[in-house]
Each structure stands twice: as structure tokens, then as C-alpha cells.
Amino acid sequence: MAKKEETPNMVERFAEFKELKNIDKTTMISVLEESFRNVLAKMFGTDENLDVIMNPDKGDVQIFQNLEVVPDGEVADPNLQISLSDARADQDPDAEIGDEHTKEIIFADFGRRAILNLRQTLQSKILDLQKEAIYTKFKDLEGEIVSGEVYQTWSRETLLIDDDKNELLLPKSESIPGDYFRKGETVRAVVSNVDNKNNNPKITVSRTSDTFLRRLFELEVPEIHDGLIVIRAVARIPGERAKIAVESYDERIDPVGACVGVKGSRIHGIVRELRNENIDVINYTSNPSLFIQRALSPAKISSIRIDEDEKKAEVFLRPEEVSLAIGKGGLNIKLASMLTGYVIDVYRDTEETFEEDIYLDEFKDEIDAWVIEALKNAGCVTAKSVLKMPRQEIIDKADLEEDTVDQVLAVLKAEFEDEEPVSDEAAEELPEGDDAE
């Protein structure tokens, strides 16, 4: 009797294992049945005439062998056939030749070797199932933030262990410069790649990807998480500086202010997580000229020429603004190019050109703010950059009415009435009475 209890006990132990590894009941039954069938097929040569009935609630299994009844002395394969007299003796007194006789098999009667084979087969299948579950879980988590405890650090990578004891690899190349981890420290990163070569899941995480910065903003800024603010573009030089362009679907929400938070409360946490990486948050716009202007902040550009086909931009600045546009080590202009997708070339205008020039914002008392914004969208930031542009080009690029453009030109020209910066075409098209003295 002791042997017959081995099989039910083993099923119960499997049920306990399944709870620990979060294997669902249906999968448990399927794996256990498949394991039994694999072992039985080796023992009987086939499992086609076997019925394996699992009863996980009771923790047992029943196995039935279906045999063809043949005349006495004509049994060719005892795994497929049974003699008439044996069938009638085995609780089937009405058996006839050609009938199918069902015989119950007590697995434990086959001894410890059979049970050991079953356990090994079961363990192998559970291990494969566990690996597949890990792969599926983290494949779905690609691009999401996970946390792990530092277990060991090598020269080229750091091993993290999450709460479920899964291994996460953080390569040195995916670590932020300045990342130094102590054993037991909790580290956050984004799942960057999940590989399952030879059924051996490998989860790689990253702290340098743009996605990590995106996810951190989603965690810190509720409006982004709720979809009220959208991150349109991200550019990073990990550990140094980053630029992020945001846009709000609700005009009542200032996207930049929401991302920064009161006195920088929201962005400070992100900066600390990224080892004091400076982050510039700017308003996104679909207008490439204005987008490039904002991306080059804090520099104030004078004018800009865009080549849409070549994705190039020529930016002209006052001499004192050039260094701001380029930034320390060229970081500012590099990030601006990455953020906008344009190759940006910076040009220094001569001192004489801008000696008397004025930024358009200085004319807010005479020109409506929306008109100034439209001129900026057209690539004009200073008064002289507007006066240099032909009148019709201003109308087309800024999408302004002719009368509005004429009023603007008159206001700006009056500021430089002793000079002659206006283009010939713009001068010819000015209303009568507005000509320079």
C-alpha cells in the first residue's frame, strides 16, 4: 500500500509547487498529464490506447489501458491486446472477442524507477514552463520601468534581482556615467531587451535610453500619465544633459510648468535619479522653425532658414548668443539637432549687422502678441530680420493679412528711419507716406 501512495503524494507536491511559481490550474493539469504520458509511452511503447485522468482537487491520477479482446493464446502484443479469459477474469465477465477491455493501471506498482522518471520529466517540463513564463512576462514589459536589488557587480555589467527572484542584467554601456551601486541597493531601469536563446531568458535593462526618461516623467507628472500632456520628443546625452518637448491637449494646462512642478518639485526627483542630468523642458510645436528656436534655448536666434527636403537649418545669431546656442562641449546644439531631427548650422552675424537691431518682443506695445508669434514662426525674431524679408514672403510664411504686414513694416521701419535695412521689394510695397526720409 505504501507504494500506491507515492503517486498521489507527488501530485500534491506538484500542486504546492504550482502555487509558488504562479502556474495556473489548467496548465498544471496539462503538464502533469503530458509528463505521465511521456513516461507511459516509454514503458508501453505507445500511449495512444491510454486514458490519463487527472484529479488535481483530490491530488490523484487514474490511468486506464484500453485493450482489444482476442482468443486465448493469440495475444501478439500484451500492451495492445488481452486474451478472452483474462478479460473475463478482470471484472468483465461478459467480454467477447473483438470488444475493447478497459484495465486500470496503478502507476506506483511499476516501482521507484518509474516514479523517479516521472518526477524528472515533470521537473524538466516545469523548468521549461517557468522559463517561458519569465520570457513572456518581461517581453510584455519591454519599455517599462522595473526595480531590482543589486546582487553583484562586475566590470562590464551589474546583476539585479527583482522581487520574484528574476535576474536582470544592467550592462555598463546602459548605465549612466556616475552610476556606482552598492550590494543590496535598489536600482530602477527600463526593460530594453528580452532574449530567449536556447530557452534561456536573458533580460537586459537600461538607464541610458530615452524611454527611461519618458517613463520617469510619466511617474512624476500625473498629467502625462493621464494623457493630458504628451511627450513629443526626447533627446539625451546620459549623465550630462537632456531636452524633452511636451505638448498639452488642454489649453488651460501649461505643459512645461506641469513637468517642472512648483519650484522644480517634480523635475528634481528625475534629475536626482539620472545622476544630476540637466533637463530642458520646452513646448512642442509642429512648426520646424519655431521648434528649432525653442530647442536652441537659452540662445536667442536672429533669423533662420529651413531646408525641409534636406532636413537642414541655418541659424543666424548675434555674436554673444553663439556660445549659448552651441553650449558647453557642443551639447546644446547636438541635443537640439537630436530633438528636432534637423542638422543645425550656426552662423555668426557681424557686430555691425546687429548693432542697432531689436528683438520683436520689444514691440509688444505697438504690435499684437499673436502677430509677433506668427513672425517668429516664419523664422523672424528681430526687427531687421523682418525688414530684410520681401513683403509677399512675410505674408505667405507668417500667414498674415496684407494690411497687418504693412502696419508691422511701418512700425519697424520707423525704428530705423535713419538707416536703409529694408529690402528693395519690401520698400517698394510699403504704403504711400511711409517711405524713409
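The values are calculated or read from the model by the stated rules, or taken from the named source; none is laboratory data. Given the structure is predicted, the values throughout are model-derived calculations rather than measurements. Note that we place each Cβ from the backbone using ideal geometry, even for glycine, and neighbour counts take in every protein chain shown. Quick note on the areas: whole protein, heavy atoms, side chains included, nothing else; ligands and nucleic acids left out. Shrake-Rupley method; radii C 1.70, N 1.55, O 1.52, S 1.80 Å.
Screening V190 on (1) open to solvent by 60 Å² or more (accessible area, probe 1.4 Å); (2) in contact (Cβ under 8 Å) with a residue 40 or more places away in the chain shows it passes everything except condition (1).
Kindly indicate the residue of the range 194-234 that is among the small types (G, A, S) and either surrounded by 18 or more Cβ atoms within 10 Å (Cβ to Cβ) or without any contact (Cβ under 8 Å) to a residue 12 or more places away in the chain (or both) and also farthest from N287 (Cα to Cα) among those meeting that condition.
Among those that are among the small types (G, A, S) and either surrounded by 18 or more Cβ atoms within 10 Å (Cβ to Cβ) or without any contact (Cβ under 8 Å) to a residue 12 or more places away in the chain (or both), it is S206.
Residues of the range 254-281 that are crowded, with 17+ Cβ neighbours inside 10 Å, among the acidic types (D, E) and closer than 19 Å to I224 by Cα: E273, D280. Please work out if E362 is open to solvent by 50 Å² or more (accessible area, probe 1.4 Å), farther than 23 Å from E308 by Cα and either in contact with an Asp or Glu (Cβ under 9 Å, 6 or more places away or on another chain) or in a helix (DSSP H, G or I) (or both). Judged against the criteria, E362 is a match. Residues in the range 192-225 that are of a type in the set (D, E) and within 14 Å of the chain's Cα centre (by Cα): D210, E218. Residues of the range 112-129 that are among the small types (G, A, S) and either open to solvent by 70 Å² or more (accessible area, probe 1.4 Å) or more than 34 Å from the chain's Cα centre (by Cα) (or both): A114 alone.
In the range 365-383, what count of residues is obtained for those that are assigned to a helix (DSSP H, G or I) and open to solvent by 20 Å² or more (accessible area, probe 1.4 Å)? So the count comes out to 5. The condition of being open to solvent by 30 Å² or more (accessible area, probe 1.4 Å), more than 18 Å from N276 (Cα to Cα), touching a strand residue (DSSP E or B) at 6+ places or on another chain (Cβ under 9 Å) and not aromatic (F, W, Y) holds for only one of E240, E251, E167, that being E167.
Every residue, every condition in (1) more than 22 Å from F212 (Cβ to Cβ); (2) small (G, A, S); (3) surrounded by 15 or more Cβ atoms within 10 Å (Cβ to Cβ), yes or no:
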{"residue": "N283", "(1), (2), (3)": "yes, no, yes"}
{"residue": "R294", "(1), (2), (3)": "yes, no, yes"}
{"residue": "K300", "(1), (2), (3)": "yes, no, yes"}
{"residue": "E308", "(1), (2), (3)": "yes, no, no"}
{"residue": "K311", "(1), (2), (3)": "yes, no, no"}
{"residue": "P319", "(1), (2), (3)": "yes, no, no"}
{"residue": "L335", "(1), (2), (3)": "no, no, yes"}
{"residue": "M338", "(1), (2), (3)": "no, no, yes"}
{"residue": "I358", "(1), (2), (3)": "yes, no, no"}
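Looking only at the range 376-407, residues that are modelled with pLDDT of 85 or more, at positive phi and touching a strand residue (DSSP E or B) at 6+ places or on another chain (Cβ under 8 Å) come to 0 in all. A89 passes every criterion in (1) buried (at least 16 other Cβ atoms within 10 Å of the Cβ); (2) without any contact (Cβ under 8 Å) to a residue 12 or more places away in the chain; (3) of a type in the set (A, V, I, L, M) apart from (1).
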